[in-house]
Each structure stands twice: as C-alpha cells, then as structure tokens.
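Report on the structure given below.
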Amino acid sequence: MLPWGRGAALGLAREAGSRGSRLSPSAGAGRTQEMGPEPRLPETALLTRRDRPLRPERPGGAAGAERGRGRSEGAELGRSSARRRRDRAHRGDSLGDAVPVQRWASPRSRPGSGPPPRPAALLGSRRLPAARGGGGGGLRGRARPAPRLPGQRRDALAGAGRGVWGAPVMASLRTADSRLRSYFKENYIPQVCEALLCGLLITCPEDPLKYLQKMIITIMESGLESLLWDMCIDPSMKPKIRRLSETYMEQLFGLDDQLMTPELMIKACTFYTGHLVKTHFCIWRDIAIPLINEENILAEKMEKAIEYDNFRLQKYVFRLWHSYAAGQKKLLTEALLRIRKMCHHYKLIITLTKWRDKARYEYKKREDELMLKHELQLRKWRSKVKVAAKEEPIPPEHSLSKASLLGGIPECDISLLPERAVSQIFYYLTLRELVICGQVCHSWMLMTQASSLWNSIDFSKVKNIITDKYIVSTLQRWRLNVLRLNFRGCLLRSKTLRSVSLCRNLQELNVSDCPTLTDESMRYISEGCAGVLYLNLSNTTITNRTMRLLPRYFPNLQNLSLAYCRKFTDKGLRYLNLGNGCHKLIYLDLSGCTQISVQGFRNIANSCTGIMHLTINDMPTLTDNCVKALAEKCTRITSIVFIGAPHISDCAFKALSTCNLRKIRFEGNKRITDACFKYIHKNYPNINHIYMVDCKRITDGSLMSLSPLKQLTVLNLANCIRIGDVGLKQFLDGPVSTRIRELNLSNCIHLSDASIVKLSERCSNLNYLSLRNCEYLTDLGIEHIVYIFSLVSVDLSGTNISNEGLMSLSRHKKLKELSLSECYKITDVGIQVPRLTLLGKVFFSVPPPAQLLSPKRDETKAFCKGSLILEHLDVSYCPQLSDEIIKALAIYCIYLTSLSIAGCPKITDSAMEMLSAKCHYLHILDISGCVLLTDQMLEDLQMGCKQLRILKMQYCRLISKEAARRMSSMVQQQEYNPNDPPLWFGYDYEGKPLTKQEITPLKEDEEITVTDSIYSGEEEVV
C-alpha cells in the first residue's frame, strides 16, 4: 500500500473550507469525527529526515520532457484519488488526517537540551502536487509540479499553496546564498508560515488579514521557541493526526536536503512491479506450455555428453603424457647437472693439485730462504763473537744489509732527531742512565737538561749508590719542575728529607720503607709541600704527631698509604677530622695496621666519608664489626681489597650493601660462602671485578648467582676446588659470558673438557684464560680453545696436554702468552719444526728420521710456525725438552720477551747461543736447573740480549761466581745459586733422571741449606 500524500490531506481541508457556509466549525469537527478511526500510514511516512535517503538534485535543461510526464501523471493520480475518496465518503468509510502534532524546534537544537524538537510536516514527507487550475495556474511555467501518488486529491487550495509558497521560494532559495538560507532557518520563517497557513486552511476566517494580525501577535507573545504548527487553529477544530518528524515548509522554502522524490518512488514501484510480472510469467510459461521435440532435445544432450566425455578422456591422456614428459625432462636435467658437476669437480681437482704443488714449492722455498738467512746470521754472530774475543774491530766490508742479517742496530746520531722525539726517548731512561747520557758529549748534556725530563725523579733505583749531597743539589736545581718524588727504601738523613720542602709544586711523594723518616721530617715536608695529592708513608715509624699534620697541611690529599705503620693509634685516626680534614681522600691503604680497633674504623668513617678505594691486607684482626663501622658513613666505596683477613664473613657483604661496589678482592678466607654471592647479585649489579682466591667454601651455586651480572669483566676463582662443570655452565648461560675478559680457574680440579667447549661457544671476548692444574683437561678440550679468537694469554700448566693438543693450539694466530709448565707429555715434536732443510742438507731432529719421513709427521704443523707473535713462553719443568725447542724459538719466535726453561736439564750452550743471536727483545730469562749451561752462555747473552733485565740461574753448578758477578752489571735483577738441583727436580747434577728409590723424603735430621746470591745491577756512585 502506497503512503498517503499531502495532496489528499490538503484536498480534504479544501472541501472542509468550501463547505464552511453550510457547516459551522463545530459541525466540521463533528464531521471529522464521524469519518471513523484514522487509517494506519505506512512506516515510510513516519521516518525522520535523517533516516530517509537523501534526494538527488534534479537536473535541469535536458529533463524537460520528464518534468512534463511527471506533471501529467501527478494530475491523473490526483483525480483518481479524489474520486476514490468521494466513493468512500458515500459508503461511510472514514478517513483521518495524518498531520502530526509536534513542537517546532530550531535547526541548531540538539536532543535532550534547548528548545523543543522541529515540527513535522503537515501530512507526510512528500511534496504537494501542483494543480493546473485554481490559484496556482499563473505559476505553472516556473516550477515542475511533483506527480501525485494514488490516493492524492487535486484541488485548487493545494495547488494555490504549492504555487504561491512552494515554487518561487524553492526556485530562489535552493540556489541562494548560504547566508540567506541560514537567515530563514534561524528566524523560524518556514515554521511561522506553516502555522499561519494551517490556521487559514482549517479556520477559514471572514477577515483573513485581521486573523493573521491576531495570530502573529499571539506568536510574538508566546515566542518562537514554543511555536506549533496547529497553534493558529481553534482547539475545537484541531484534527486528530499522527506526529511526523519533519515540516513541509522547509521543502517549500528549499531548506531541506532530502533526496527521495515522488518520481524516484514511482520508478521504484514500476521496476518492482515489472520484475514480479516477468518472474511470474516465466514460471507460468514453463509450466503451462508443454515440451516440444523431446527426442531432438535428448539427442542434443547425448551429443554434448559424448563430446564432454571425449574431452575428459583427452584431458586424462594428456595429463599422463605431460607427467611422463616432465619426468623424462627432469631426469635429463639431473643427468646434465651431474655431468657438469663432475666436470667442475675434475677441474677443481686439477686446479687444487697445481695450487698445492705451487704452495709446496713456495713453502719449501720460503723455508730454505729462512734457514739460509738463519745460518748466515748465526755465522755472522759467531764471527762477531770471535772478533770480540780477540778485541779486534769489526771488518769494514760488512755492509748495512749484512748488519741487518746479524740483527744489529745501525748507528745513528740522536741529535739529528726532533727535540720532541729526543725527549720521548730520554723519558724512558732511569736517573742513572740519564746522568750517564749527560756525560757523553755536550749536545747530549743539553738534551738531558730538558725540564720535562725532571718532572719525575726516582731515587729508589739508585738508593745504594747515590749520596745525600747529590739528592740535595738535584732538588735545589729542579725544585720548580719536580712533580713526583720516589724515595722508597732510601737511607737518607733528616737534612736531606727536609730538602724535599723546596719542591713547592710537588704532587706525589713516596717515602715508604724509609727507616730514617720521623715526625720531625714530615713536619718540614708538610710545611713546604701543601699541594701533595699522593702520599705513601707505608712501613715507616710515624706516630700520631704526623697524623695530626695531615689534615692541617695537606687539604687536597687524595691518596694515602699507611700500610704497616704500627706506631699510630685510634686517636691518630681521629685527628684526620681536625681543621679542614681529609674529606677529599679517595684512596686509603691500612694493610698490616693491626693496632686499629673498631673505634678506629669509626673515626675513619667520621673523617673520610668520600673514600672510594679501600685496601686492608694482612690484617687478621679485621672483623665484620670493623667493616660495619666503616660502611655506616662511607657509602661511596667502590673497591675493597681484603687479602689476608680470615675473619671476614658474609655479614661484611651485607653491611656493604649501601655501597656501589665495583671491585672485590679476597684471598685465603674460609668463612665466605655462597651467600655472599647472592648479596653481590642483588646489591652490586655494576660490579666488574671479582677476586676470590683460595676460598674453600665457594661452590657451583656461587657461579650461578653471578651469571646475571652484565658488567663483570674479571673473575678470579683460583684454588676454589669445589667448582665444577655444572657451575661454570650455569655461569656461562647468563649475559655475563659476553662481557667477561679475564677468567682464572686455576686448581679447579673438577673442570673437564665440557667446560672448555662451553667457553668456546659463549665467551667471544675472552682475553685471558688460566686453567692451571686442571687435571681432567685433555687434547679434546684444547682443540676448542682455538675457537676463542679474542684469546691472547693461556695458562695450561699441569694439564694433560700432549703434542696433538699443542699442534691444535698452533692454529690460534693471536696468542702472545702461553704457559705449559709441568706438562710432561709435551716433547720437541710438538714445538719444533719436524723437518729442517738447511743449505741443501737435511737435518733431522728427535724422533728418528724414519718417523719424520712418514706422512703423519710430514703433515704435522709445528707450534712455533703458527705462533710468530709469541712474546711469553713458559715450558719450565718439562725435562723431556732439548735444544731443538730453543732452536725453533730462535728461528720463528724472534719477538720473545719472556722465556722460562727452568728444570730442562738437556739445554746446552749451543741452543742458548742461537737464542742470543736471534731474540734481541728478551727481557726475562729463567734457566734455573739447566745443569749443562756454562759461562759461555752468559757471554752470548751479554752480546746478543742487550735488553735483558731479569735473569734467574738457580742450581747452575757449571756457571762460575765470577761470570755471574760480571753478568749482574748487565741486568737489574739476578738470582744465582751454584748448588746441585734438589731431589724434587727429578734429576741429578748431570741431568740424569733419578729412580724412585733415590727420590725419597728427607729425614728430619737432614737439612739442606740453600744460599741465594742476589747481585744487583748497581755500580759505583753517580
């Protein structure tokens, strides 16, 4: 059922107006009531403007014909609607109005606030159709009337309303300025017009002008906010209608935005009706008309079925053929790839064979050149030794290139170098060497007088030969330049110590181990050197008087060492808070000061609250209460060193929880357990250095507690024998494994190869590794050490490493330090070159030549060949090694700075001669227990190893005391003992191994006195 139109409702209103002469207003109202209950309008008539679809704008110009058709259709629909309504009236049918009763509302109002909502339209949401007759005839050409729907009436009053108010206003306001449209809406002009028109249409007054004037006054008094569309209608004549949600006047004035039009509704109904007719007709046609020529149709279907079956069969056959063809193609492709791969493989074999032959040739050539060069250097060295022995000059025919073969340093005039370079060279000289250089010539004397060379003066190295007079004169001359003085161990008079006060700019003073230092001397020094920052008074006889001077004269003191000073008391520590106090002190060393009690540490906490580094070694009286008293106010402590403090327990770590510790050093403590490491994990997340040596109660649980630490770089748990593979694995599973740089697990006897495998997987930045005396470590674990590419130093002493493990270790090209002490499975084969070709001759070393010529020996890589940058090597107490190791080191490892071959009785003078000829950078040499060495070895060292500083010659019975005395002038430190080696060396004075019966424990009544002769390298007084 189509919705009611406004034209029908307005037609009823016109009829009521035309019968006004016959019916009174009350009669009109009664007539309206007689019409019966109001009909139910469709839901589309009750939709609001927001719910209904927008009406598209009407095109102009080209749609003229459509407008004409719509105008005629609307007129016809209006006439038919009027006729039906008259028929219903004669039959007694009732028709109610559909005009809603609702308040007007401003277009700007919102639900729930402000004026009442906008009034609805008069009789629906559609436009009034324009009538051709009546009052609207004169406006026919200006606006196209909307077509009427069924049920609408065509009357003069509706047409007049449409023509007068609708068309001109819509034509002018739809294209008008937005400002004008806003004006109409804001002033309720459409609502006012609609209320007045509704009152005129329903009431039909005799004098409409007076009626309008009266109604306008009423509207003004009531206000626009309370305006209703039926406000101008007499209450007795108000119709009973439903409320709608929009006003028709907004359409008349062109202020609505609705897109739905009657034309679109008519088109939609027409399309829907036609679609229903077409659908029902097709169904009726299929059912009603019988099938014709069923046999022909069946034949056509059979033909299509046969054609489809043939197509399916062809498709199936083609699919099988395609699969077979693809398989054959794949087989051909694979065969071709195999052929190409075989050709490429054979080409690679040929190329690799040629490359291998070429590499072998180049390797052999390089070896021959190296051995030739080595032989030439050795010959030149021997000739030089002979010339030196005969005291003859070196032949002039030796060119510079030959001198380079000797490894000698060509002569040059140092005065030709820039002044800055000369100063840097002299900076590395000691005081004695600097004085000697000043006596060479006048130019060198001027070089040594540079003021920058006298900023730091170390008298400790010449303490036995220097005089007080020279010290005083030196301090007086360079008093303005001296910044650092070192008098450690010097026996000086009080007058000499007083001369230190002349150095007004002194910043560092070390008077440790000076037995003549007194409180009076310190008074003179403190009065003249107020700018001292570093003061070392360890092992002196100072008392509380000196402690009273420190806060008074050294207000800027930062480093103070009172180690082993036992003359001051707790009262002296209280003096540190006098005057300005030592509040800038950041480093304090109280090692060995056993007289300090808990009160003394409390005095330190009150005086020196800014201490950051605390060292207390060799102090058995140190307890947890001392640490608590110190930690109460010294909350800035970052480093503690408690070596030799056996009474410290886990409570000390709990007391230090308020400090931000970064470094911890403990040694020889049996009270520290795994609980302290839990405190470290919780309270010290930024700790980077842990040194817990010989702490027997530490287990794998401690390592598990340390695994979350992200800043830990140094970990030393040597002699913690309860640590095993499980704890180390848990430790390395945490983030600490990527940060660790140094790891010392010496004497952790439960570690095995599994720990080394885990280390190689997790520790990519490890530089130092010590696995000393880890007995379960074998060659299998050594092979994984090679994969720690950042490793620089390795200690494998006391392990079960053999020649195979050493060969694997030679693949690590970055090793600089290697310790293999007491590794009894290592022989010359693992270190030396298996086969040496020298000057066209083949010299075979131990083992016999038949074994060296075997393929296994030829493929073996020597350790020395792969360790060209090796600087430190310790193969002490490996009695199976012989001269071959020294020869291999002399050929390949020429950058050695430290070598220990103690306990190797097979080493002879010939090997040491080669070492002296090639290794010119050797600084430390330990040949203790090498019983076959003689005085000739010392002469070779004097000529070749000019940089030798430390020489140990214990139990070398063939070296005379005179030769040792002459050698002492060439080195800084020397240890010499001509006695026979002790029994625990495992061999006698001739180097022959002892039997088990000979190696017996010494009886209680037998005593062996070993006399060590230590010669210093200090000569006469400067």
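The values are calculated or read from the model by the stated rules, or taken from the named source; none is laboratory data. Treat the numbers as computed from the prediction; the structure is a model and nothing was measured. Don't worry about glycine lacking a Cβ; one is built from the backbone with ideal geometry, like all the others, and counts go over all protein chains shown. Side chains are part of the model used for accessible areas, which takes the heavy atoms of the whole protein and leaves out ligands, DNA and RNA. Shrake-Rupley method; radii C 1.70, N 1.55, O 1.52, S 1.80 Å.
Please work out which residue is modelled with the lowest pLDDT, limiting yourself to the stretch 948-969 and to residues that are under 23 Å from Val462 (Cβ atoms) and of a type in the set (Ser, Thr, Tyr).
For the stretch 948-969, the residue satisfying everything is Ser969.
Return a yes/no flag: does the stretch 803-818 have any residue that is more than 27 Å from Tyr895 (Cβ to Cβ), of a type outside the set (Val, Ile, Thr) and open to solvent by 10 Å² or more (accessible area, probe 1.4 Å). Explain how you work it out, then say what you get.
Let us first name the residues in the stretch 803-818 that are more than 27 Å from Tyr895 (Cβ to Cβ), namely none.
So far as the stretch 803-818 goes, no, none of its residues is more than 27 Å from Tyr895 (Cβ to Cβ), of a type outside the set (Val, Ile, Thr) and open to solvent by 10 Å² or more (accessible area, probe 1.4 Å).
Give Leu492, Leu446, Leu497 a once-over and let me know the one that is among the hydrophobic types (A, V, I, L, M, F, W, C), in a helix (DSSP H, G or I) and open to solvent by less than 20 Å² (accessible area, probe 1.4 Å).
Working: Leu492 fails: in a helix (DSSP H, G or I); Leu446 fails: open to solvent by less than 20 Å² (accessible area, probe 1.4 Å).
None of the other options fit; the residue is Leu497.
Output the residue which, of all residues in the stretch 608-658 that are assigned to a helix (DSSP H, G or I) and in contact with a Lys or Arg (Cβ under 7 Å, 6 or more places away or on another chain), is most open to solvent (accessible area, probe 1.4 Å). Can you show your working first?
Here is the first cut: in the stretch 608-658, the ones assigned to a helix (DSSP H, G or I) are 624-631, 650-658.
Subset that is in contact with a Lys or Arg (Cβ under 7 Å, 6 or more places away or on another chain): 629, 655.
Values: Ala629: 4, Ala655: 24 Å².
Among residues in the stretch 608-658 that are assigned to a helix (DSSP H, G or I) and in contact with a Lys or Arg (Cβ under 7 Å, 6 or more places away or on another chain), the one most open to solvent (accessible area, probe 1.4 Å) is Ala655.
Within the stretch 175-218, how many residues are in contact (Cβ under 8 Å) with a residue 12 or more places away in the chain, exposed (fewer than 15 other Cβ atoms within 10 Å of the Cβ), under 10 Å from Cys232 (Cα atoms) and not polar (S, T, N, Q)?
1
Need pairs with beta-carbon distance below 7 Å; first residue aromatic (Phe, Trp, Tyr) and within the stretch 626-648, second part of a loop (DSSP other than H, G, I, E, B); sequence gap 6+ or separate chains.
Hits for this filter: Phe642/Ile616; Phe642/Leu622; Phe642/Ile648.
Any residue at all in the stretch 679-701 that is more than 18 Å from Phe653 (Cα to Cα), open to solvent by less than 40 Å² (accessible area, probe 1.4 Å), free of Cβ contacts under 8 Å to residues at least 60 places away in the same chain and of a type in the set (A, V, I, L, M, F, W, C)?
Checked against the condition, which is being more than 18 Å from Phe653 (Cα to Cα), open to solvent by less than 40 Å² (accessible area, probe 1.4 Å), free of Cβ contacts under 8 Å to residues at least 60 places away in the same chain and of a type in the set (A, V, I, L, M, F, W, C), the stretch 679-701 yields no hits at all.
Consider the stretch 735-780. How many of its residues are open to solvent by less than 10 Å² (accessible area, probe 1.4 Å) and without any contact (Cβ under 8 Å) to a residue 40 or more places away in the chain?
16
Output the number of residues of the stretch 929-965 satisfying the condition of being in contact (Cβ under 8 Å) with a residue 40 or more places away in the chain and open to solvent by 10 Å² or more (accessible area, probe 1.4 Å). Break it down stepwise before answering.
First, pick out the residues of the stretch 929-965 that are in contact (Cβ under 8 Å) with a residue 40 or more places away in the chain: 929, 931-932, 939-940, 943-944, 952, 954, 961, 964-965.
Still in the running and open to solvent by 10 Å² or more (accessible area, probe 1.4 Å): 932, 939, 943, 952, 954, 961, 965.
Qualifying residue count for the region: 7.
Just to be sure before I move on: is Ser960 more than 22 Å from Phe863 (Cβ to Cβ) and in contact with a strand residue (DSSP E or B) (Cβ under 9 Å, 6 or more places away or on another chain) in the structure I sent?
Numbers: more than 22 Å from Phe863 (Cβ to Cβ): yes; in contact with a strand residue (DSSP E or B) (Cβ under 9 Å, 6 or more places away or on another chain): no.
Judged against the criteria, Ser960 is not a match.
For Ala675, are the conditions met, namely being more than 33 Å from the chain's Cα centre (by Cα) and either at negative phi or open to solvent by less than 20 Å² (accessible area, probe 1.4 Å) (or both)?
On the way: more than 33 Å from the chain's Cα centre (by Cα): no; either at negative phi or open to solvent by less than 20 Å² (accessible area, probe 1.4 Å) (or both): yes.
Spelling it out, it is not the case that Ala675 is more than 33 Å from the chain's Cα centre (by Cα) and either at negative phi or open to solvent by less than 20 Å² (accessible area, probe 1.4 Å) (or both).
Looking only at residues that are part of a loop (DSSP other than H, G, I, E, B) and among the hydrophobic types (A, V, I, L, M, F, W, C) in the stretch 586-607, which one is most open to solvent (accessible area, probe 1.4 Å)?
First, pick out the residues of the stretch 586-607 that are part of a loop (DSSP other than H, G, I, E, B): 586, 590-597.
From what is left, the residues that are among the hydrophobic types (A, V, I, L, M, F, W, C) are 586, 590, 593, 596.
Details: Ile586: 53, Leu590: 1, Cys593: 0, Ile596: 8 Å².
My answer is Ile586.
Could you give every pair whose Cβ atoms fall below 6 Å, whose first residue belongs to the stretch 898-921 and is without any contact (Cβ under 8 Å) to a residue 60 or more places away in the chain, and whose second residue is of a type in the set (Gly, Ala, Ser) and assigned to a loop (DSSP other than H, G, I, E, B), counting only separations of at least 6 or pairs across chains?
Ala902/Ser876; Ala902/Ser928; Ala902/Gly929
Give me a count of the residues in the stretch 500-518 that are over 24 Å from Asn556 (Cα atoms) and open to solvent by less than 40 Å² (accessible area, probe 1.4 Å).
0
Residues Arg566, Arg548, Arg552: which one is open to solvent by 60 Å² or more (accessible area, probe 1.4 Å), charged (D, E, K, R), on the phi < 0 side of the Ramachandran plot and not in a helix (DSSP H, G or I)?
On the way: Arg548 fails: not in a helix (DSSP H, G or I); Arg552 fails: not in a helix (DSSP H, G or I).
The unique qualifying residue is Arg566.
Just to verify a result, which residue in the stretch 465-476, among those that are of a type in the set (S, T, N, Q) and more than 56 Å from the chain's Cα centre (by Cα), is most open to solvent (accessible area, probe 1.4 Å)? Quick ask: steps written out before the conclusion?
Initially, the stretch 465-476 is screened for residues of a type in the set (S, T, N, Q), giving 467, 473-474, 476.
From the residues that got through so far, the ones that are more than 56 Å from the chain's Cα centre (by Cα) too are 467, 473, 476.
Working: Thr467: 61, Ser473: 57, Gln476: 91 Å².
In this case the residue turns out to be Gln476.
For (1) in contact with a helix residue (DSSP H, G or I) (Cβ under 9 Å, 6 or more places away or on another chain); (2) under 23 Å from Leu818 (Cβ atoms), each residue gets a yes or a no:
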residue: Ile924; (1), (2): no, yes
residue: Ile927; (1), (2): yes, yes
residue: Lys946; (1), (2): no, no
residue: Gln972; (1), (2): yes, no
residue: Pro981; (1), (2): no, no
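Which numbered condition trips up Phe426, out of (1) assigned to a loop (DSSP other than H, G, I, E, B); (2) closer than 26 Å to Met970 by Cα?
Every listed condition holds for Phe426 apart from (1).
Report, ordered by the first and then the second residue, all pairs with beta carbons closer than 6 Å, sequence separation of six or more or different chains, a first member in the stretch 797-809 that is touching a residue at least 60 places away in the same chain (Cβ under 8 Å), and a second member that is surrounded by fewer than 23 Cβ atoms within 10 Å (Cβ to Cβ).
Within 6 Å, the pairs are Ser797/Arg772; Ser797/Ser819; Ser797/Ser821; Ser797/Glu822.
Does Glu975 meet the test of being in contact with a Lys or Arg (Cβ under 7 Å, 6 or more places away or on another chain) and surrounded by fewer than 23 Cβ atoms within 10 Å (Cβ to Cβ)? Spell out how you get there, then give the answer.
Numbers: in contact with a Lys or Arg (Cβ under 7 Å, 6 or more places away or on another chain): yes; surrounded by fewer than 23 Cβ atoms within 10 Å (Cβ to Cβ): yes.
Yes; evaluated as a whole, the condition is true for this residue.
If Arg479 satisfies every condition in (1) closer than 14 Å to Leu517 by Cβ; (2) open to solvent by 10 Å² or more (accessible area, probe 1.4 Å) but one, which is the exception?
Going through the list (1) closer than 14 Å to Leu517 by Cβ; (2) open to solvent by 10 Å² or more (accessible area, probe 1.4 Å), Arg479 breaks only (1).
Which of the residues belonging to the stretch 569-585 are surrounded by 23 or more Cβ atoms within 10 Å (Cβ to Cβ) and assigned to a loop (DSSP other than H, G, I, E, B)? Spell out the reasoning first.
Step one: of the stretch 569-585, the residues surrounded by 23 or more Cβ atoms within 10 Å (Cβ to Cβ) are 572-573, 576, 582, 585.
Of everything in the stretch 569-585, those that are surrounded by 23 or more Cβ atoms within 10 Å (Cβ to Cβ) and assigned to a loop (DSSP other than H, G, I, E, B) turn out to be Cys582, Leu585.
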